[in-house]
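Written below as structure tokens is the structure these notes are about.
The values are calculated or read from the model by the stated rules, or taken from the named source; none is laboratory data. Predicted model, so just to flag it, every value in this text is computed and none were measured. Here the Cβ positions follow ideal geometry from the backbone for every residue, glycine too, while neighbour counts run over all protein chains shown. For accessibility, only protein heavy atoms count, side chains too; no ligands or nucleic acids. Shrake-Rupley method; radii C 1.70, N 1.55, O 1.52, S 1.80 Å.
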Amino acid sequence: MSPAFRAMDVEPRTKGVLLEPFVHQVGGHSCVLRFNETTLCKPLVPREHQFYETLPAEMRKFTPQYKGVVSVRFEEDEDRNLCLIAYPLKGDHGIVDSLDNSDCEPKSKLLRWANKKHHVLETEKSPKDWVRQHRKEEKMKSHKLEEEFEWLKKSEVLYYSVEKKGNVSSQLKHYNPWSMKCHQQQLQRMKENAKHRNQYKFILLENLTSRYEVPCVLDLKMGTRQHGDDASEEKAANQIRKCQQSTSAVIGVRVCGMQVYQAGSGQLMFMNKYHGRKLSVQGFKEALFQFFHNGRYLRRELLGPVLKKLAELKAILERQESYRFYSSSLLVIYDGKEWPEVALDSDAEDLEDLSEESADESAGAYAYKPIGTSSVDVRMIDFAHTTCRLYGEDSVVHEGQDAGYIFGLQSLIDIVTEISEESGE
């Protein structure tokens, strides 16, 4: 047993939870997995873990709820497919038991890597000819994955037509290209290390999309600086170049990913970070407009709540001393599913019979608009490079506010306000 395996100190003979791909991930490079309907799972980074353990109380409403730590390892299902299974750490079995995972699918349907068990997980030494063949196959798979990812980089904005009469949320699971590629890359990295390490710590976080039937998600990379204080010269130079060549340097924010369901046109639209880096300030504004547009009209009822939340977050961050949220993102989420609103002269029977087909242009007097106050969420995520003087071990200690992040928030407020005013709000 490796030192890493022993150090994990897993509770023996406990029931594990099968992890699924999280299909609403639109940005970032770290793979996010679905633990259950309301909980996500991602690789533990010590600095991010420390942030969630010590974050100021007033920031909690603008970050995902932190739910603890689990151990994740490879296992075989009944069909000899390899799966990722989460187990509680020793003494923490209540974490897994207390979180409902009754909606998870059977192992045989999820996270399959191959039809046969990979021998790299075996402890005995393999014959040289098998090792040679295995390395060749793995190299070919890795090359194919790189080719697929290069295709994804070139396909920066994708549109898919969906069947409006069907279940849109279930169709969405099959389309998001970014989440699938991040998932494949993470599995590939873990698989390559499986011979030496078959156990990892993951943190559990609130699934911010669980309350929405068809989540529309905007991932914004915030701030004028993205590299952490511990970044190498090469890494820092690369991040500085990305900022200088994007809207990050000009307005302190850039698009990192987007997923939108346009109910009016029946299309799903995905935009990745490579396209986001190329946008001008005007292009950034147009991307925001597109995010709040349903294919027929602007969802104006969302703009006011977004502005209110952005202003509240800005006020909170202005009170935080020494924090720097380098490479952190801001998520904006709302429901792409809209509810029909009947004409004023409609009677009770009309209300009962009305369905989503009213969204069709032939609906005539029916206006396809949300009823009541629409819910929109704004949250900060990704704190792997966050620093604060409270952390103690950091060689660089910053004073005052995170001016770059706050500058990006103000820019976002200004642009959303412009969109609202220009649309006649």
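Were the residues from N193 through E156 laid out at 0.36 nm apart, the gain over their Cα-Cα distance would be 10.3 nm.
Could you tell me whether region 268-335 comes out rounded, prolate or oblate from its Cα gyration tensor? Rule is a ≥ b ≥ c as square roots of the eigenvalues, rounded for a/c under 1.5, then prolate if a/b exceeds b/c, otherwise oblate. It is oblate, given that a/c is not under 1.5 and a/b is not larger than b/c. Amide H contacts of C256: D219, L220, K221, each under 5 Å away and 5 or more positions distant or on a separate chain (H built 1.01 Å from N in the peptide plane; Pro and chain starts excluded). Sorted largest first by accessible area at a 1.4 angstrom probe radius, with every protein chain in place, the residues Y326, Y160 fall in the order Y160, Y326. The spread of Cα positions in region 22-90, taken along each principal axis and listed from longest to shortest, comes to 48, 32, 22 Å.
Modelled spin-label separation between A237 and H29, with each label point placed 7 Å from Cα along the Cα-to-Cβ direction: 1.7 nm. With bins 10 Å wide beginning at 0, the percent of Cα pairs of region 233-274 falling in each bin runs 25, 35, 23, 13, 3.
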